[in-house]
Amino acid sequence: ETGVTQTPRHLVMGMTNKKSLKCEQHLGHNAMYWYKQSAKKPLELMFVYNFKEQTENNSVPSRFSPECPNSSHLFLHLHTLQPEDSALYLCASSQDVGEWYNEQFFGPGTRLTVL
Amino acid sequence: QKEVEQDPGPLSVPEGAIVSLNCTYSNSAFQYFMWYRQYSRKGPELLMYTYSSGNKEDGRFTAQVDKSSKYISLFIRDSQPSDSATYLCAMGGDYGQNFVFGPGTRLSVLP
């Protein structure tokens, strides 16, 4: 595997389900990100981790719970979601989060549908 | 006022046309500017990156930044059907500021 991988690619869940999204980066990066992409809206940054520590939580509802066990893996745990949470969830990684520009590399995303 | 504005399209052009994609922004602290290309069912991939004002050319692609007008452009020359994708502009400031993305412009190049 190369780059940034995400599983599953598609997920349909009911509002009472609990599910998890997984992201893995094979680039040796130290920073990882979760974004939400809704139709015709800008990418919304949700969470940022740098060296496994959360450095940003962009006012995300608590029904989204991130986990970063190491610099290569990032999870997004989902529970009691709402239909408006249906979107493409993108994971990205970069060398780190520093004072200079760091290119972000994106995974293919998980298309989430909440019924 | 939204921080980054971008016409969502869709924009349809014939093969071989010159395409102009644009974004405006409001935050004068932005210093670096990116264009991402996103194919259907894929994540965004970085196409071009520029720092501060000026032009940058890479093959058929040219990125322009006009900080005085808070306006950035991406030009695609001799457009190809394989250029059909959504193009996202993104920008950020110094000191680790996270990127701010535009909503993307969906481009279709017709053979």
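Can you give the average number of partner chain beta-carbon atoms within 10 Å of each beta-carbon in peptide A:104-115, as a whole number?
Details: counts 9, 4, 7, 3, 4, 5, 0, 1, 0, 0, 0, 0.
Going residue by residue through A:104-115 and averaging, the value is 3.
What is the sum of charges around A:Leu45, taking Lys and Arg as +1, Asp and Glu as -1, for the other residues whose C-beta is under 10 Å from the C-beta of A:Leu45?
Combined, the nearby Lys, Arg, Asp and Glu give -1.
Apply 1/(1 + (r/R0)^6) to the Cβ-Cβ distance of A:His77 and B:Ser20, taking R0 = 35 Å, and write down the FRET efficiency to the nearest 0.05. Present the calculation step by step, with values, prior to reporting the outcome.
Working: r = 43 Å, r/R0 = 1.22.
That gives a FRET efficiency of 0.25.
For chain B, what is Rg from Cα atoms divided by 2.2 N^0.38 Å, rounded to two decimals? It would help to have the intermediate numbers written out before the result.
Details: Rg = 13.4 Å, N = 111, 2.2 N^0.38 = 13.2 Å.
Against the empirical 2.2 N^0.38 Å value, I get 1.02 for chain B.
What part of the accessible area of chain B, given as a whole %, is carbon or sulfur when the probe is 1.4 angstrom?
Details: 2410 of 5210 Å².
C and S atoms contribute 46 percent here.
Looking at the P(r) of chain A, how many percent of alpha-carbon pairs lie beyond 17 Å? Let's see the in-between values first.
Details: 3331 of 6555 pairs.
More than 17 Å apart: 51 percent of the Cα pairs in chain A.
With chain A treated as a Gaussian network of Cα nodes joined by springs under 10 Å, which of A:Glu84, A:Glu44, A:Glu24 yields the largest mean-square fluctuation?
Checking each option, the largest mean-square fluctuation is seen for A:Glu84.
Before I look further, what does region A:3-112 give for accessible area per residue, probe 1.4 Å, in whole square angstrom?
On the way: 5090 Å² over 110 residues.
With the other protein chains kept in place, region A:3-112 gives 46 Å² per residue.
Which lysines, if any, have their Cα less than 17 Å from the Cα of B:Lys56, not counting same-chain residues under 8 positions apart?
B:Lys67, B:Lys70
So if I take the centroid of the Cα atoms in region A:4-81 and the same for region B:51-111, what is the distance between those two points in Å?
Spelled out, the Cα-based centre of one part sits 26 Å from the other.
Sorted from largest down, give the three principal axis spans of the alpha carbons of the protein assembly as shown, whole angstrom values.
48, 39, 39
What number comes out for the charge environment of B:Ser82, summing +1 per Lys or Arg and -1 per Asp or Glu over other residues with Cβ under 12 Å away?
Residues close to B:Ser82 contribute a combined charge of -1.
Relative contact order for chain A: what is it in percent, counting Cα pairs under 8 Å that are at least 6 residues apart?
For chain A, the relative contact order is 36 percent.
Hey, can you list the residues from region B:37-67 whose accessible area shrinks by 10 Å² or more with all protein chains present, relative to the chain by itself (probe 1.4 Å, no ligands or nucleic acids)?
B:Gln38, B:Arg41, B:Lys42, B:Gly43, B:Pro44, B:Leu46, B:Tyr49, B:Tyr51
Roughly how many Å² is the accessible area per residue of region B:43-90, as a whole number, for a 1.4 Å probe?
43
Quick one: buried accessible area between B and A, total over both chains, 1.4 angstrom probe, nearest 100 Å²?
Buried: approximately 1800 Å² between A and B.
No partner Cβ under 4.7 angstrom, meaning no disulfide-compatible partner by this rule: which Cys of chain A qualify?
A:Cys68
Excluding B:Thr105 itself, what net charge comes from residues whose Cβ is under 15 Å from its Cβ, given Lys and Arg +1 and Asp and Glu -1?
Every neighbour counted, the sum reads +2.
So if we plug the beta-carbon distance of A:Val12 and A:Ser62 into 1/(1 + (r/R0)^6) with R0 = 22 Å, what FRET efficiency do we get, rounded to 0.05? All intermediate terms of the calculation are to be shown ahead of the outcome.
Working: r = 22 Å, r/R0 = 1.01.
The value I calculate is 0.50.
If packing is taken as the average count of other Cβ atoms within 10 Å, what order do B:25-35, B:64-74 fall into, highest mean first?
B:25-35, B:64-74
The values are calculated or read from the model by the stated rules, or taken from the named source; none is laboratory data. Model, not experiment: these values are computed from the prediction. Every residue, glycine among them, receives a Cβ derived from its backbone with ideal geometry; neighbour counts consider all protein chains shown. Side chains included, ligands, DNA and RNA excluded: accessible areas come from the protein's heavy atoms. Shrake-Rupley method; radii C 1.70, N 1.55, O 1.52, S 1.80 Å.
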